[in-house]
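Just below is one structure, and these are the notes that go with it.
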Amino acid sequence: MSHQITNEQRFLVRAKENRNLIAPQCNLTELLKTTQGQCCYTVNVKQRGGRKARKAQMTLSYQPITFAKPKRAQGLDELNVNIIICQEKESDQESPLRWLLYTTEPINTTEYAQRLVRYYESRLSEENKLHRLCY
């Protein structure tokens, strides 16, 4: 991400590590526990494997964060991005939906944050189609 930020490239990527944050001073797991949803929306979850089709009620929140680069990485010492947190609320599912998305996009409204999430969801849909074609 340091390369993209340095070269002013835009990105929207899913977080996969529980990073320690510089601002706010916590890690991603702790941030998830304290964040308040700024809006709610519904996601249609398609049937797949043993999973039944359903409608998932999601909460969305967003905020700027700063984290240190991994020790083995080169580039900027600190990375400033926005995080979008999408979590399934009040779910009885064994694995409720949760997406943590980093972006360089400036987010000033919940509507724009939702738009970015929809971009991510459409990418997931296209990847699933490609996966079915290739395997």
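The values are calculated or read from the model by the stated rules, or taken from the named source; none is laboratory data. What you see is a predicted model, and the numbers here were worked out from it, not measured in a lab. Reconstructed Cβ throughout: ideal geometry from the backbone, glycine too, with neighbour counts over all protein chains shown.
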Residues of region 22-54 classified as under 18 Å from the mean Cα position of the chain (by Cα), loosely packed, with under 10 Cβ neighbours inside 10 Å and not hydroxyl-bearing (S, T, Y), total: 3
Leading residue by the ranking (modelled with the lowest pLDDT) among those in region 89-113 that are outside any loop (DSSP other than H, G, I, E, B), surrounded by fewer than 18 Cβ atoms within 10 Å (Cβ to Cβ) and not aromatic (F, W, Y): R98
Residue list for region 1-55, filter: farther than 28 Å from Q93 by Cβ, hydrophobic (A, V, I, L, M, F, W, C) and assigned to a loop (DSSP other than H, G, I, E, B): M1, F11
Output for region 114-135, where each listed residue is modelled with pLDDT under 85 and polar (S, T, N, Q): S122, S125, N128
Number of the condition not met by K16 [criteria: (1) in contact with a helix residue (DSSP H, G or I) (Cβ under 7 Å, 6 or more places away or on another chain); (2) closer than 23 Å to R123 by Cα; (3) among the charged types (D, E, K, R)]: (1)
Residue list for region 27-76, restricted to those being touching a strand residue (DSSP E or B) at 6+ places or on another chain (Cβ under 8 Å), closer than 30 Å to H3 by Cα and free of Cβ contacts under 8 Å to residues at least 12 places away in the same chain: N27
